[in-house]
Amino acid sequence: MAISLGIFLFVASVVGMAVLAYAAQSRIMHGFGWRLHESHHRAQPGNGELNDLYAAIFAVPSFVLVLGGMHLDWWPGFAWIGTGVATYGMIYFGFHDVEPEDGHVSFGFLVAPKPEDLRAKLTRRSRMGMRAPVLARAATPQASES
């Protein structure tokens with residue numbers, strides 16, 4: 001397989017994961033997967049939260065693609081795709097949760113609001129006990145502000 005095709009598959013899978021993650025946020029995390037994701041919107045004691053299980057869940061396809069593409073005689077492009085998926089996961093992990101002096105802030109790393117707007121919104125949400133926006137169908141009427 002040509003390296004240029006591999007690089008294309010890698011970049012396309014990173015970009016594709018950004019689109020998939022955006023869709024998954026509202027459809028999965030704020031839908032049927034809310035029981036796990038809710039911990040991401042509430043202050044948690046310690047470093048872990050149930051939402052962290054999504055990283056393990058989403059790592060499985062990446063691992064299988066890399067394994068198959070490199071060691072199981074599958075099409076080699078699968079290894080490039082799996083590596084792109086894993087790279088997106090590392091980018092997400094490194095930039096999605098930011099820990100300033102006053103606690104965790106959660107926002108998308110590709111498009112973020114103006115810092116002063118974000119600070120004001122987060123201050124209001126903090127007073128309600130929320131770390132990040134919660135869609136109206138998953139929140140109480142008084143807690144849905146986004």
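The values are calculated or read from the model by the stated rules, or taken from the named source; none is laboratory data. Note that this is a predicted model, so its numbers are computed, not measured. Cβ atoms come from the backbone with ideal geometry, glycine included; neighbour counts cover every protein chain shown.
Worth pointing out:
- Matching residues, the stretch 35-67, being among the aromatic types (Phe, Trp, Tyr) and within 14 Å of the chain's Cα centre (by Cα): Tyr54, Phe58
- Condition met for His71 (closer than 30 Å to Phe8 by Cβ, modelled with pLDDT of 90 or more and not hydroxyl-bearing (Ser, Thr, Tyr)): yes
- Unique match (being assigned to a helix (DSSP H, G or I) and either crowded, with 18+ Cβ neighbours inside 10 Å or modelled with pLDDT under 80 (or both)) among Ile57, Ile81, Ile91, Ile28: Ile81
- Pairs, first closer than 15 Å to Phe58 by Cβ in the stretch 87-101, second modelled with pLDDT of 85 or more and in a helix (DSSP H, G or I), C-beta under 6 Å, six or more apart: Thr87/Val14; Tyr88/Val14; Tyr88/Met17
- Residue tally, condition modelled with pLDDT under 75 and either basic (Lys, Arg) or in contact with a Gly (Cβ under 7 Å, 6 or more places away or on another chain) (or both), over the stretch 31-42: 1
- The set of residues in the stretch 33-51 that are in a helix (DSSP H, G or I) and touching a residue at least 40 places away in the same chain (Cβ under 8 Å) comprises Trp34, Glu38, His40, His41.
- Among the residues of the stretch 1-14, the one identified as aliphatic (A, V, I, L, M) and under 19 Å from Tyr54 (Cα atoms) is Val14.
- Note on the stretch 1-20: among residues that are in a helix (DSSP H, G or I), touching a residue at least 60 places away in the same chain (Cβ under 8 Å) and under 15 Å from Gly69 (Cα atoms), the one that is nearest to the chain's Cα centre (by Cα) is Ser13.
- Residue check for Ala18: buried (at least 17 other Cβ atoms within 10 Å of the Cβ) and of a type in the set (Gly, Ala, Ser): no
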